Amino acid sequence: MKKTAKKEKTGFYFRETIIWIIIALLFFLDRTTKEFSKYKTFNTGISFSLLSDSVFFPIILAINVIFLIAIIFIFFRINKKDRKNPLLNLGFIFIISGALGNLYDRIFYNSVIDFINICDYLPTFNFADVFNLIGVLLIIIYLLRRK
């Protein structure tokens, strides 16, 4: 009995370590692409440049911090069965990576660095935004398949 519990605990720590390594790699990808991009815009607002050039920066920053803390808390409170689901894990990995990338920008640049511009009628975005979108879609797919 004790051997099984020890094996589960070791597997848990290994899985957690891999998850945090992937989060760090995705965060590094986001940071590197922002630093080396030639075309940059600084978005002081929220998604799609809403509330840009406004006095709401402290509120936006606080919301980002609260969002990140909530996502990490939810991630660690998921039951054991769901914690082993790769789709759910990937969803949280992408969301945490994206939130960390944009939060870093908010803290150090007072805005988010956007640099991907596909066409004139779509907003400019970055990899952190893509990570957030992918993460939300993966969690939605997981929830739809769960029932």
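Multiplying the residue separation of Asp120 and Lys81 by 0.36 nm and removing their Cα-Cα distance gives an extension gain of 9.6 nm. Counting other Cβ atoms within 10 Å as a rough exposure proxy, the listed residues Leu61, Leu88, Leu26 run Leu61, Leu88, Leu26 from fewest neighbours to most. Counting only the Cα atoms, segment 65-117 fills a convex hull of 74 Å³ per residue. A Förster distance of 22 Å, applied to the separation of the beta-carbon atoms of Lys40 and Asn110, puts the FRET efficiency at 0.95. Counting neighbouring beta carbons within 10 Å and listing from fewest to most, the residues Phe131, Phe28 come out as Phe28, Phe131.
Read the figures in this text as sums done on the coordinates, not as results from a lab. Please read these numbers as outputs of a predicted model, since none were measured by experiment. Using ideal geometry, Cβ is built from the backbone for each residue, glycine included, and neighbour counts are taken over all protein chains shown.
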